[in-house]
Amino acid sequence: MEEFKPVKEGKVREIYDIGDALIMVATDRISAFDVILKNKVVSKGKVLTQMSRFWFDYTKDIIPNHMLSTDTKDMPAFFQTPAFEGRSMLCKKLTMIPIECIVRGYITGSGWASYQKNGTVCGITLPAGLKECDKLPEPIYTPSTKAEIGDHDENISFERSIEVLEKAFPGHGEEYAKKIRDATIALYKKCADYALSRGIIIADTKFEFGLNEKGEVVLGDEMLTPDSSRFWPLEGYEPGHGQPSFDKQFVRDWLKANPDSDYNLPADVIDKTIAKYKEAYKLLTGSDLAE
Ligand SMILES: Nc1ncnc2c1ncn2[C@@H]1O[C@H](COP(=O)(O)OP(=O)(O)O)[C@@H](O)[C@H]1O
Ligand SMILES: [Mg+2]
């Protein structure tokens, strides 16, 4: 049997290259405050992969995506083990477009910090008088460029995104910049409206797109997971202060209260966190996670 080694190990995901396709595997690792915790959140990786699968299916009429299968039977024999089942996605290999497509429906985080300074977020002027975590009148597209390892991603204007893409794909800068902006807004609107109806606010998120062999723009990476987005519970939502994170609040609260823990969390905090991931999955998809 052919064995495979990940070509890339991210904080949470491992990527395998099987030739004409990739296999993205979401592990049970969890990060908080940019640090990987010592604990594993059992099943978190399955939740993330199955959530992406749900959203890719839900939005394939808006734009095609890279998902080929989440069934390990469609993957090489090496992957047909319980260690990979449920958490692996076979994906079409794309030429990635080097822009992080961020969309914000609510004002929080770095956007809130910038708005307080000068009333803008990434060069976009917003109405006066917004409170922290307020809903924006319309979602805004705030692209950034992927930083080299260690650096922070750099926010750029839409105009600058055209220049970056013109350099990467001569003759196509404006076309691709517009396509990924319009797709980002359309995807966010459809999915955030749906999530809201199920009790989850998707405050903001990030998409990545690539080109297939025909040069068409295709949605890649992960989609609308708590790792690529801010999920807030609708219940108790109140602008004017920060909101609890749907999935990581127990972890963050405990870490703040226990600064000397060395990122080793007690079992009950981990259990409550697992329950939150499964709850989010059930709210969004209407089904229990298959295990
Ligand atoms: N279909 C695809 N084809 C090729 N590369 C992809 C595809 N989907 C996502 N990627 C890339 O795979 C990588 C996933 O890495 P990830 O674990 O998210 O770490 P990071 O975001 O820190 O680079 C990213 O570089 C992403 O752009
Ligand atoms: Mg990533």
Legend entry - Relative contact order of the stretch 96-233, pairs being alpha-carbon contacts under 8 Å that are 6 or more residues apart, as %: 27 percent
Inset, instruction - Could you tally up the Lys pairs in the stretch 1-93 with alpha carbons closer than 18 Å? Skip any pair fewer than 8 positions apart unless they're on separate chains. - result: 11
Inset, instruction - Go ahead and set up a Gaussian network model of the chain, Cα springs under 10 Å, then flag whichever of ILE18, ILE201, ILE107 fluctuates most. - result: ILE18
Legend entry - Taking the stretch 35-149 and dividing mean pair separation by its residue count, relative contact order in percent (alpha carbons under 8 Å, at least six apart): 23 percent
Legend entry - FRET efficiency, TYR263 to LEU289 (Cβ-Cβ, R0 22 Å, nearest 0.05): 0.30
Inset, instruction - Just the number, please: Stokes-Einstein D of the chain in µm²/s, Kirkwood Rh from C-alpha pairs, 10 °C, 1.306 mPa s. - result: 79 µm²/s
Inset, instruction - May I ask for the percentage of alpha-carbon pairs in the stretch 73-143 that lie more than 15 Å from each other? - result: 64 percent
Legend entry - Additional length obtainable on full extension of the chain from GLU279 to LYS146, 0.36 nm per residue less Cα span: 44.7 nm
Legend entry - Chain lengthening between GLU154 and ASP57 when straightened (0.36 nm per residue, less Cα-Cα): 31.8 nm
Legend entry - Cα-projected label distance for GLU166 with SER197, points at 7 Å along beta-carbon direction, nm: 4.2 nm
Legend entry - Extent along principal axes [Cα atoms of the stretch 96-233; Å; largest to smallest]: 42, 35, 29
Inset, instruction - Mind checking which of ILE15, MET89, PRO170 is farthest towards the positive end of the chain's charge dipole, using Cβ charges of +1 (Lys, Arg) and -1 (Asp, Glu) about the Cα centre? - result: MET89
Legend entry - At q = 0.12 Å⁻¹, base-10 log of I(q)/I(0) for the stretch 1-93 (Debye sum, equal scatterers on each alpha carbon): -0.38
Legend entry - Mean-position separation - Cα centroids, the stretch 212-226 and the stretch 136-184, in angstrom: 15 Å
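The numbers here are math on the coordinates, done by the rules we state, and not lab data. Values in this document were obtained by computation on a predicted structure and should not be read as measured data. Neighbour counts run over all protein chains shown; Cβ positions are idealised from the backbone, glycine included.
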